[in-house]
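Heads up, the thing below is written out as structure tokens.
Just so it is clear, none of the values below were taken in a lab; they were calculated from the coordinates. Computed from a predicted model, the values in this text were never measured in an experiment. Note that we place each Cβ from the backbone using ideal geometry, even for glycine, and neighbour counts take in every protein chain shown.
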Amino acid sequence: MTVTARQVPLLRLDNADPALVDELLAVVRTVAERAAFTLGDEVAGFEAEWAAYCGTAEAIGVASGTDALALALRAARVGPGDEVVVPANSFIATAEAVSLAGARPRVADVDPASGLLTADGVAAACAASDRVRAVIPVHLFGAVADVAAIAAVAHAAGAIVVEDCAQAHGAFRDGRRAGALGDLGAFSFYPTKNLGAWGDAGAVVTDDPELADRVRLLRSHGERTRYEHLVPGATARLDALQAAILRPKLARLDAVNDRRRMLAAQLRAALAGAPVHMPGPDGDHVHHLFVVRTDHRDALRAHLAAHGVASAVHYPVPIHRTPAYADLGLGPGSLPVAEDLAARICTLPFWPGMSDEDVDHVAAAVRSFDPLGAR
Ligand SMILES: *Cc1c(COP(=O)(O)O)cnc(C)c1O
């Protein structure tokens, strides 16, 4: 096996762009000099810009994507005794947010082609339980779920729809942005996301002023005015520093997503004939991750590593099979599509600053994989 000198990491962050780092450090200095660290102008400014970008009436900055999901559920009064439908193949936070709100996740299987929650899956979950009060479609890897169809089923069953948009900033479906399709949208600005802060950050978007008001109360101790505490809330505000860092990055988001679309098309073309399956892209896609499928995933990963190409698995264990959710009692084979995907998916290196050489090196390494030799 040839071991090459070229190394391609899974992704690179802002430190790969020194000009951007300088611009953002100036912004950090401004906030520090004003000592305006909580709420205030930077948070309000980012919220107005984020709402305008998403096409929603309201955006509320919160401390993380997990908080965004949990506070969205709590704002809609989803809690103890209620169930929330979540897809089995998501980051654990989608289910954790349900637990944080005091409700119970009802984990559903997904569409084999797209890997996304479907209206049929939601209908089956609602038929099996009369406790479903919310549904969380996840726009996994940057592909937007059919929220309109899901919402029709959910609303008929008396449930709201909270979109998990942590991987789909700026993606469109039916002429609206991710987050503007359901009753509420929850975003993470974790550093690796399409719009990433320099730490943990998140936001909730909605057109409903009452829900927005409740998220605002809940993120900061249920406080209306100083020491006027209306509900038991949390310390879950968006940091002013993170808001200030996100604003110049938001101005670049469409260009960054265009670059991701362009690179994804380039990588797909370069992978033509390679021994992997590439799903989609059906409709708009903001390519948060570039994920391929193969029956010989672990052998592919070893082969890539030997060629200096990093890889990952998003995610190796479906939510219902994690020790954290063993109490749901969903054994092996209970959600077969998600379990099958977890065994076959492989995330390839992908980030907006990838060079043509990086793309070529990744594609050549995948193409030279021999699945027959792997058996
Ligand atoms: C990142 C992510 C989250 C959680 O976001 P945090 O900001 O890390 O709390 C939730 N759902 C999905 C699908 C994610 O990718």
### Message
Taking R0 as 41 Å, what FRET efficiency do you get between Leu372 and Ala5 from their Cβ-Cβ distance, rounded to the nearest 0.05?
### Response
0.90
### Task
Evaluate the relative contact order of the stretch 203-281 (contact order divided by residue number), counting alpha-carbon pairs under 8 angstrom at least 6 apart; express in whole percent.
15
### Task
Work out, in µm²/s and without decimals, the Stokes-Einstein translational diffusion coefficient of the stretch 162-206 at 10 °C, 1.306 mPa s, Rh from Kirkwood over C-alpha pairs.
152
### Ranked packing of 93-106, 343-356, most packed first, by mean Cβ within 10 Å
93-106, 343-356
### Query
Order of 217-225, 199-207 by packing, highest average Cβ count within 10 Å first?
199-207, 217-225
### Query
How far apart, in nm, are the 7 Å Cα→Cβ label points at Glu33 and Arg226?
2.6
### Query
DSSP beta bridges in the chain, what fraction antiparallel, as a percent rounded to 5?
60
### Message
Taking loop as defined by DSSP and a crowding limit of 13 other beta carbons within 10 Å, which GluC sites (Glu not before Pro) in the stretch 44-78 fit?
### Response
none
### FRET efficiency estimate (nearest 0.05) - Cβ-Cβ, Thr192 to Ala26, R0 30 angstrom
0.80
### Task
Would you mind computing, in nm to one decimal, how far apart the modelled labels at Ala124 and Asp213 are, each placed 7 Å from Cα along Cα→Cβ?
4.1
### Message
With n ≥ 4 as the cut-off for DSSP H runs, can you work out [θ] at 222 nm for the chain, using -39500 (n - 2.57) per run divided by the number of residues, rounded to the nearest 500?
### Response
-12000 deg cm²/dmol
### Query
So if we plug the beta-carbon distance of Asp41 and Arg12 into 1/(1 + (r/R0)^6) with R0 = 45 Å, what FRET efficiency do we get, rounded to 0.05?
0.90
#### Entry: Histogram of C-alpha separations across the stretch 84-232, 10 Å bin width, %
12, 40, 35, 12, 2, 0
### Message
Can you compute the modelled spin-label distance between Ala156 and Ala52, with each label point 7 Å from Cα toward Cβ, in nm?
### Response
4.0
### Top of His229, His288, His277 by mean-square fluctuation, Gaussian network on the chain, Cα under 10 Å
His229
## Note on the structure
For the stretch 219-327 the mean separation of alpha carbon contacts under 8 Å (6+ apart) over residue count, i.e. relative contact order in percent, is 13
